[in-house]
Number of protein chains: 4
Amino acid sequence: MANTKRFGVSIDEELLERFDKMIEDKSYDNRSEAIRDMIRDRLVEREWEEGEEVMGVVSLLYDHHERNLSNKLTHCQHNYHDLIVSTTHLHVDEDNCLELVAVQGKGQEVNEVADKLISMKGVIHGKLLATSTGAELI
Amino acid sequence: MANTKRFGVSIDEELLERFDKMIEDKSYDNRSEAIRDMIRDRLVEREWEEGEEVMGVVSLLYDHHERNLSNKLTHCQHNYHDLIVSTTHLHVDEDNCLELVAVQGKGQEVNEVADKLISMKGVIHGKLLATSTGAELI
Amino acid sequence: MANTKRFGVSIDEELLERFDKMIEDKSYDNRSEAIRDMIRDRLVEREWEEGEEVMGVVSLLYDHHERNLSNKLTHCQHNYHDLIVSTTHLHVDEDNCLELVAVQGKGQEVNEVADKLISMKGVIHGKLLATSTGAELI
Amino acid sequence: MANTKRFGVSIDEELLERFDKMIEDKSYDNRSEAIRDMIRDRLVEREWEEGEEVMGVVSLLYDHHERNLSNKLTHCQHNYHDLIVSTTHLHVDEDNCLELVAVQGKGQEVNEVADKLISMKGVIHGKLLATSTGAELI
């Protein structure tokens with residue numbers, strides 16, 4: 001970190017003990033790292049609410065035997081090629097694939113692409129993960 | 001707080017600025033209060049996951065003209081009277097009521113009562129808010 | 001329901017079996033009731049996103065010995081009396097109270113009141129439950 | 001779908017109109033597809049709660065200049081190689097990468113890997129998306 005500051009947190013002893021137990025369970029090295037992660041998590045929520053440039057990952061679970069679906073998914077992704085950063089295909093079992101589509105844009109645009117992909121007939125389960133470009137997070 | 005401790009958080013300057021902006025928007029007096037709230041929020045999630053004694057609030061929106069519903073809700077609440085702390089009725093408009101049922105018990109028990117109430121025919125919208133008895137939070 | 005319609009859902013046999021098992025566990029009388037609940041739940045989310053008139057419940061867990069807090073909570077609620085429908089106080093144990101504040105207004109206004117109340121020093125755990133006035137739900 | 005069944009849903013006319021508007025906005029072809037997606041979404045939640053075999057995607061945003069982080073992430077993934085299906089690296093800008101780690105296992109195991117990866121110093125934002133192997137969903 002280029003320019004590190006330090007601030008103090010006052011906290012009841014018992015609450016601190018429970019916090020320490022929680023971050024140990026989650027494998028954090030130290031309190032600062034855990035606190036920074038909680039802060040960044042809230043800030044990412046705000047980036048989405050406030051229309052900043054964000055990143056999302058759309059997961060699409062489908063049976064690759066589903067007629068024509070793979071073509072339709074590819075076609076849809078090309079229509080939004082300005083927003084789509086990358087796509088990964090995984091082979092879950094003989095039938096099912098998990099496709100991970102990374103999308104970058106305003107929150108509303110990312111939601112639109114996600115809706116289009118997730119609503120396609122044959123997609124068994126689709127979901128959107130909301131993350132960040134990190135440009136403002138450090 | 002009976003026994004206050006203090007610890008330091010190291011953080012990048014820009015991230016701290018964004019955090020300060022966020023907590024100002026949310027009307028926090030100071031950083032410690034905001035940090036403690038984030039910590040307690042995560043701890044409450046864990047109380048629910050780990051089967052500790054918790055509190056929940058079930059909201060039930062319904063039309064009080066709905067035949068027999070009010071009796072059935074009351075009857076169901078009596079069946080779980082050990083778990084139910086209190087019920088408040090609100091009159092939203094001429095037709096709709098919002099009933100707030102405070103429930104205390106293990107997470108699983110609270111979920112069971114909530115499912116029973118929310119699934120009743122005539123309940124327009126039901127939801128469960130997960131909070132705490134505060135016994136372990138301070 | 002004043003004017004009931006009926007539509008058909010085609011669904012794979014195994015998926016239907018798993019759905020039936022789930023709604024039985026959740027105590028639903030029949031599939032229509034469970035489907036309507038899922039639909040209304042999504043519509044309530046949209047009411048909040050799209051700035052319609054909504055209802056929320058703010059839960060505030062606090063120690064009633066906390067100096068001056070109860071006055072400050074009351075004062076804040078009076079500042080927003082146009083939005084606040086009702087408040088219920090519960091006595092969780094010797095120390096802790098759970099206050100349930102029902103709020104009605106645009107989503108943004110309800111969020112603002114909730115932020116103000118939840119951020120107060122001494123509030124151990126505060127949370128906002130998002131529900132509806134039911135005006136558009138039936 | 002190998003063995004399609006059909007069931008009827010009774011619903012108030014106005015509620016149906018609002019549902020139709022919502023699924024049109026989300027680009028669904030027809031009501032059955034939207035209903036099936038809502039059902040499968042709830043069933044995936046249950047797979048996670050009930051300890052069935054599930055799939056998750058962990059997103060890890062980090063600065064690739066962060067000293068040694070990339071090695072530590074790789075090392076950690078090798079420790080859990082039985083659970084990790086695939087990893088994709090994306091270059092968001094000159095500094096930041098988004099790594100997408102697909103994980104398959106019991107919900108608890110997937111959560112453990114996710115915690116380990118997300119808590120590492122240098123990971124700017126990490127998150128877990130909960131999806132399914134599809135084995136039971138169709």
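The values are calculated or read from the model by the stated rules, or taken from the named source; none is laboratory data. Note that this is a predicted model, so its numbers are computed, not measured. Don't worry about glycine lacking a Cβ; one is built from the backbone with ideal geometry, like all the others, and counts go over all protein chains shown.
Miscellaneous remarks
- All positions within the stretch B:16-37 that are hydrophobic (A, V, I, L, M, F, W, C) and buried (at least 17 other Cβ atoms within 10 Å of the Cβ): B:L16, B:F19, B:I23, B:A34, B:I35
- Strands (runs of 3 or more DSSP E) fully within the stretch C:23-138 counting 2 or more residues that are at pLDDT below 95 and within 22 Å of B:Y62 (Cα to Cα): C:84-91
- Positions within the stretch A:74-88 being closer than 17 Å to D:H91 by Cβ and at the interface with chain D (Cβ under 10 Å from one of its Cβ atoms), in sequence order: A:V85, A:S86, A:T87, A:T88
- In the stretch C:47-73, of all residues being over 20 Å from the mean Cα position of the chain (by Cα) and surrounded by fewer than 16 Cβ atoms within 10 Å (Cβ to Cβ), the one that is farthest from the other protein chains (Cβ to nearest Cβ) corresponds to C:N71.
- Long-range neighbours under 7 Å by Cβ, at least six apart or interchain, first residue facing chain A (nearest Cβ under 7 Å) within the stretch B:1-27, second among the aliphatic types (A, V, I, L, M) and in a helix (DSSP H, G or I): B:K5/A:L16; B:V9/A:I35; B:L15/A:I39; B:R18/A:L43; B:F19/A:I39; B:M22/A:L43
- Hits in the stretch C:2-46 - residues which are touching a strand residue (DSSP E or B) at 6+ places or on another chain (Cβ under 6 Å) and at positive phi: none
- Enumeration of residues in the stretch A:89-134 that are small (G, A, S), more than 7 Å from chain D (Cβ to nearest Cβ) and out of contact with any helix residue (DSSP H, G or I) (no Cβ under 9 Å at 6 or more places or on another chain): A:A114
- Test: residue in the stretch C:81-91 that is touching a residue at least 40 places away in the same chain (Cβ under 8 Å), buried (at least 18 other Cβ atoms within 10 Å of the Cβ) and more than 21 Å from B:S32 (Cα to Cα): no
- Search result, residues across the stretch C:98-117 that are buried (at least 20 other Cβ atoms within 10 Å of the Cβ) and more than 15 Å from the chain's Cα centre (by Cα): C:L98, C:L117
- Condition check for B:L43: over 30 Å from C:C76 (Cβ atoms) and more than 7 Å from chain C (Cβ to nearest Cβ): no
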